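Structure first, commentary second.
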Amino acid sequence: MRILIEEYQYNVSDVHDVLYGIDPMENVEGKVSIHYVGYYYNPLLGDCVFILPKVLLRDVDGKELAFGKYQPYDIINPEGQEKLTKEERDFLYGFAVWIYRAIVVYKNDKSNDSTIVYQKMINQVGGSSKRKSNTFLDILLSLIQFNKDNKSFFFFVLKNLHSGLNKINWTRTISTTSAIIQGGDAIYLNPVNKKRKINFDEELLVIFFSILNYIGDTYGFPKEINCNFDLIKGKQFEKYRNGYGKVRLNQIKYKYFSDKALLLWKLCYAFFDKSHLIYVNTSQKEYLLVKSFHIVFEAIIDALVGDNPLPDGMDKKQEDGKIVDHLFTAKSLINDESSNTYYIGDSKYYKMGNELGKESIYKQYTYARNVIQWNLDIFNSGRKPESGIKLRDDETEGYNIIPNFFISATMDEKFRYAIDGIKETDRKNNRYMSKQFQNRLFDRDTLLLFHYDVNFLFVLSLYARNNRGEQQQWKENIRAKFCSEIRNWLQQDFDFYAMRPLPSVNAKEYVETHFRQVLGKVYTPFEEENIFSLALDKKDEKNNEELLSELRKNFTVMECRLGTDPHEVLPKEGVYEHVKDVIPQKGQVYKVENVFVLAVDRDAYDDYEHNRLSMEIPLDINKGMFKIDSIDYFMFIVENASEGYYRVTNSRLRIKDDKLILVLSLTDYQSFEFGFREVAECETKTIVSLRDLMNIG
């Protein structure tokens, strides 16, 4: 077997004979590269050539190395491949099968561009022109072809296996069982049939069909098993694969004499013994190649991630001529209810570790803008999309977040096919944001872009097996993972809140009056239209605090992580019936400096420190009503005396464990000059004028 790697720049002298019959791309420096992936037979060398995907290449100190350690030209020929480890050789042995299967699945899908696939059917055991082969792909295809071509052989063997089995063995019946005499006749109630002997033809067929069953389950080859044998499966078959298969076949080797049975024995033995040579038919035009493998990779990712057909009548080819790779609808990032949004993806088939270009990033933003406009056009024309998705909120003129991502291939270092390896890329940049205005997440011009890596071996094998159930399960899992991880990334940069207007506030009027302050920061994604989502960029602390202070005069504002039901953090509607007098009236101004007092005992007071930033105080909603935005100071009182007071920068209410909590943001502790000072007697947890509290003389 000869090995080439897609798009690697080889010296002409290294690959002249290997590329016989293939049209490589040659540059002015005498280098050649192959823009195919697949398999072909080279009659000049009398050997098969595998062209493997460029994801095997990794940049190491400016050099492109296979597996990150071998010069690709060193492993072209079998003698060079001896330097590969056993794990690497075993990997290549099976990897070619997965590539073959993926190309076949791609070609058989009528929605794909089959013009990039070049195929001449290959490998049939026997015939006039033969060549030796020990590639795993040749062995598997030969096994499958034998099954197709020898139906009559199987029927003949099965017929002989069962002939005469129901005949009575009268000698053993008479000698071992009792008869009933009736009317002079002997009647035997339990006649003994002829004993079935061990049949080695049957055992060979069981092994053969067990192999077909295994390669069907593992690699997705079509199964055509027309027999009722108890096949070898699971752990028992793994025992055969791990050595017992060769042992058992050697034990029964000399039981076969027909050409067909001997040929079948050799094929089964070759399957279990990777170094065993078989003879297969050869043709000078034997090949299965695909040009532009990035198109196949795109089809793989789209089958495993995207929607087909695209949602809401969209087309991959957008009106400006740009072609989007993947588009689907899934759970919205903001809430965890039934509402969905669009997800846009672009698959990147690069050599391992390659960075994205600026052009790719810009194009991905353009895809998102086009999708937004498509959705707007649907509503502007008076229609509604089938998905029910509406990106623009008419009340706030905010836009829902559209998750937009790249997904590129990487190789599992242990060559595992069962691990999807999906994670944020370890490249220099894995997150991008394009924006026109600061601190406006819900703005049409704020576009997000994330970058994931996926294990190429996992998606290749999942696609090649063509098991729709497995693919659908992974699709659901990966969409949920995208949603969860993008939420986590956003919450690293933004604080999210749920808001509900106070009973005395008209939310629509408030948004219209304060449109410039809230534009791009608020959005209504929830089923309950009077609940808003608020997103604030953590870097803009000063402006955020001012906005929150203003909003809390008119809304109940509670922190609410993405995906959290806002009803879990907002107080129940009924609580306002108890605290309506606590709610500040719009436009009300207090001219007197007021102090909120809290009485504590000496031991409790000693536990407090005078550098507190906030205070949470449970309130009894059945007594002591007051205006929370009238609080200017906060003071501890111990036995009608106080040591000082804090300035309050913000006061708000929240519900915690179904209890009303007063939350005070504190700053600037002011201590009295001579320690504790007597204050006027007052009820705890009430507001008192600072002047009245201190004027006791």
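In debye, nearest 20, what is the charge dipole magnitude of the stretch 293-493 about its Cα centre with +1 on Lys and Arg Cβ and -1 on Asp and Glu Cβ, if you could check?
400
Mind ordering 637-650, 378-391 by average Cβ neighbours within 10 Å, highest first?
Order by mean packing, descending: 637-650, 378-391.
In nm, give the distance between the simple-model label positions of K86 and K69, each being 7 Å from the Cα along the Cα-to-Cβ direction.
About 1.5 nm separates the two model spin labels.
HN-Hα J couplings of the stretch 99-107 from phi, Karplus 6.51/-1.76/1.60, θ = phi - 60°, integer Hz, Gly and Pro as x?
With coefficients 6.51, -1.76 and 1.60, one gets 4, 4, 5, 5, 5, 5, 4, 4, 5 Hz.
Where does the stretch 594-694 land on Rg/Rh, using Cα atoms and the Kirkwood Rh?
Expressed as Rg/Rh, it is 0.94.
Taking every Cα atom in the stretch 309-466, find the radius of gyration and the maximum pairwise distance Dmax, and write them in Å.
So, for the stretch 309-466, Rg and Dmax equal 17.0, 55 Å respectively.
Helix 541-551: angle to the longest alpha-carbon principal axis of the chain, degrees 0 to 90, nearest 10?
70
Pulled fully out, how much extra length does the chain show between E568 and I180, if you take 0.36 nm times their separation in residues and subtract their Cα-Cα distance?
131.3 nm
Would you list the P(r) distribution for the chain, with all Cα-Cα distances sorted into 20 Å bins from 0 and each bin expressed as a whole %?
P(r) over the chain, rounded to whole percents: 14, 31, 24, 18, 10, 2, 0.
For the ranges 669-682, 291-304, 354-367, what's the packing order if you count other beta-carbon atoms within 10 Å of each residue, average per peptide, and put the highest first?
291-304, 354-367, 669-682
Go through T173, V522, C560 and say which Cα lies farthest out towards the positive end of the charge dipole of the chain; charges sit on Cβ, +1 for Lys and Arg, -1 for Asp and Glu.
About the Cα centre, the residue reaching furthest to the positive side is T173.
Per q in 0.14, 0.15, 0.18 1/Å, what log10 I(q)/I(0) does a Debye calculation on the alpha-carbon atoms of the stretch 406-504 return?
-0.69, -0.76, -0.95
Hull surface divided by four, with the convex hull built on the Cα atoms of the stretch 20-85: how many nm²?
Averaging across all directions leaves 5.4 nm² for the Cα convex hull.
From the helices alone, meaning DSSP H stretches of at least four residues, give me the mean residue ellipticity at 222 nm for the chain, per-run term -39500 (n - 2.57), in deg cm²/dmol to the nearest 500.
-9500 deg cm²/dmol
Can you find, among L693, F636, V648, the residue sitting farthest towards the positive end of the charge dipole of the stretch 594-694, where Lys and Arg contribute +1 and Asp and Glu -1 at Cβ?
Of the options given, the answer is V648.
Working from Cα positions, state the angle (0 to 90°, nearest 10) between the long axis of helix 456-465 and the longest principal axis of the chain.
The angle comes out near 60 degrees.
Could you give the angle, 0 to 90 degrees to the nearest 10, between helix 293-305's Cα long axis and the longest principal axis of the Cα atoms of the chain?
Between helix and principal axis, roughly 60 degrees.
Each reported figure results from applying straightforward, stated rules to the coordinates on display, with no laboratory input. Model, not experiment: these values are computed from the prediction. Here Cβ is always computed from backbone atoms with ideal geometry, including for glycine, and neighbour counts include all displayed protein chains.
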